[in-house]
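Below is one structure; the comments refer to it alone.
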Amino acid sequence: VNDIIALETMSLGETEFVLRPTQALDVVRNVVELNSMLSAEHGVCVEISGVGFATALDRDRMTQALINLLQNAQKFSDEGGTVTLAAYEENGRGVFEVSDAGKGIPHDKLNDIFGRFEQVDSSDSRLYGGVGLGLAITKAIAERHGGEVWVDDSSVAGTTFKLAVPLISEPAS
């Protein structure tokens, strides 16, 4: 219920976002730390990579978006697998990237997964949990930051999500 309310208020522009200069790698490290218990529970190693970037973020909201992506990657990874959370600059934007070596997403579902209550396979919901709102919330957060989120379908195995946001030129604390 809380996710439905959060998504609706974000979609209507009623959720206040306070953007502050931020170092992306600080957010990435915080996400990994906050999610460490679930990582251990799933038996999945989370690696951090990238050189980072400076951007203006609502840190709490972006943390929520990245946790959504990271938890999905962990759920669909085999025990003993590795998930990578990266932050780097690409094409004049800052990019957060979450990659796993799980079963991947069928190409015919790539356009649907960011919709409300969308799941790749309804049988997965029984095995993996969730109601299909995490990616819709992540999309809303990315868009409110002036960015976007998508699946990089060039991956040979697994899934790679990318969330891009505008860069800032001033140093972030």
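When the residues of the range 67-80 are filtered to those that are among the small types (G, A, S) and buried (at least 18 other Cβ atoms within 10 Å of the Cβ), which remaining residue is farthest from I168 (Cα to Cα)? Out of the qualifying residues, it is S77.
Among the residues of the range 93-121, write down those that are open to solvent by 60 Å² or more (accessible area, probe 1.4 Å) and at pLDDT 90 or above. Passing the criteria: only R93. Of all residues in the range 7-24, those that are crowded, with 18+ Cβ neighbours inside 10 Å, part of a helix (DSSP H, G or I) and either at pLDDT below 60 or not small (G, A, S) (or both) total 2. A count restricted to the range 138-173 and to residues that are farther than 13 Å from N72 by Cα and at pLDDT 80 or above stands at 20.
For the range 33-66, filtered to residues that are part of a helix (DSSP H, G or I), open to solvent by 30 Å² or more (accessible area, probe 1.4 Å) and among the hydrophobic types (A, V, I, L, M, F, W, C), the residue that is modelled with the lowest pLDDT is L38. For H42, the conditions (1) more than 19 Å from L135 (Cβ to Cβ); (2) out of contact with any Pro (no Cβ under 8 Å at 6 or more places or on another chain) all hold with the exception of (1).
The values are calculated or read from the model by the stated rules, or taken from the named source; none is laboratory data. For clarity, every value in this text was computed on a predicted model and none was experimentally measured. Positions of Cβ are generated from backbone atoms using ideal geometry, with glycine treated the same way; all protein chains shown enter the neighbour counts. Accessible surface is based on the protein model in full, side chains and every heavy atom, while ligands, DNA and RNA are left aside. Shrake-Rupley method; radii C 1.70, N 1.55, O 1.52, S 1.80 Å.
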